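A quick write-up on the structure given underneath.
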Amino acid sequence: MVAPAGLVAVVVAALVFVLPPHSSLAALVLGIAGVAAFGLGMVRYAGGPWWALIAALLSGALLFAALTVGGRGLALHVFGTAETCDVVHREEVDTSSRYRHYGFVHTLNCPSGGTFTLRTDSTDRQEEGARVAVLDDPGGLLEPDFASRHNLYFELVAILGAVALVTATVRFTRSRVRAAS
């Protein structure tokens, strides 16, 4: 029962990250706890071998990463709209106390979405006056983002691959337990 609860915690952590209040810290804590619970549950089910713990921790961590990173873009693609917006202001933000590079805050004016503020790192900066593709949610539930940061096919493959890996881990562990008994 611990392993399924761990997987539920990983999914809930991804939802906390993608949906309001968009809490990265809460998602990280819940995700780590979920991965640990999944790993410990699988090792308990398998009777204690180290390989079950390693396989479950790796597959659970990959599931958490795929759902948080790919889940946001997938949700924007499925429930949001794509539109072209104008960058009306860009401000460089000193993030040296947390990161080794500078961040940027972009103010975008979008025809149907209104005015958005996007925070990015230095690799995603856009020039003032540029026209950029943006994924946004007309209902305001999801945070908007630059469309260039989210490749729908890559996100789908990552999520489906992570789910397949977790499924393979569970099936392999189950077959080893049945073969041993």
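The values are calculated or read from the model by the stated rules, or taken from the named source; none is laboratory data. Since the structure is predicted, the reported quantities are computational estimates derived from the model, not experimental observations. All Cβ positions, even for glycine, are placed from backbone atoms using ideal geometry, and neighbour counts span all protein chains on display.
Things worth noting here:
- Per this entry, Val170 is not counted among residues that are assigned by TED's automatic domain parsing to the domain that holds Gly41 and closer than 17 Å to Leu67 by Cα.
- Among the residues of the stretch 13-35, those identified as among the aliphatic types (A, V, I, L, M) and surrounded by 17 or more Cβ atoms within 10 Å (Cβ to Cβ) are Ala13, Ala14, Val16, Val18, Ala27, Leu30, Val35.
- Elements of type strands (runs of 3 or more DSSP E) contained in the stretch 93-181, each with 1 or more residues being in contact with a Leu (Cβ under 7 Å, 6 or more places away or on another chain), surrounded by fewer than 12 Cβ atoms within 10 Å (Cβ to Cβ) and of a type outside the set (S, T, N, Q): none
- Scanning the stretch 114-135 for residues being in contact with a Cys (Cβ under 7 Å, 6 or more places away or on another chain) and either within 17 Å of His77 (Cα to Cα) or of a type in the set (Val, Ile, Thr) (or both) gives a total of 2.
- The residues listed here are Gly48, Gly60; of these, the one that is modelled with pLDDT under 95 and either surrounded by 15 or more Cβ atoms within 10 Å (Cβ to Cβ) or not aliphatic (A, V, I, L, M) (or both) is Gly48.
- Residue among Ser175, Ser148 that is over 22 Å from Val69 (Cβ atoms) and of a type in the set (Ser, Thr, Tyr): Ser175
- Of the criteria (1) assigned by TED's automatic domain parsing to the domain that holds Pro20; (2) farther than 26 Å from Leu67 by Cβ; (3) of a type in the set (Lys, Arg), which one Arg131 fails: (1)
- The stretch 108-150: number of residues that are in contact with a Gly (Cβ under 8 Å, 6 or more places away or on another chain) and either at positive phi or of a type in the set (Ser, Thr, Tyr) (or both): 2
- Qualifying residue in the stretch 31-52 (condition: under 13 Å from the mean Cα position of the chain (by Cα) and closer than 30 Å to Gly139 by Cα): yes
- Residues located in the stretch 4-57, provided they are touching a Ser or Thr at 6+ places or on another chain (Cβ under 8 Å) and not aromatic (Phe, Trp, Tyr): Ala13, Ala14, Val16, Val18, Ala27, Gly31, Met42, Ala46, Ala52, Ala55, Ala56
- The set of residues in the stretch 53-75 being under 8 Å from the mean Cα position of the chain (by Cα) and among the hydroxyl-bearing types (Ser, Thr, Tyr) consists of Thr68 alone.
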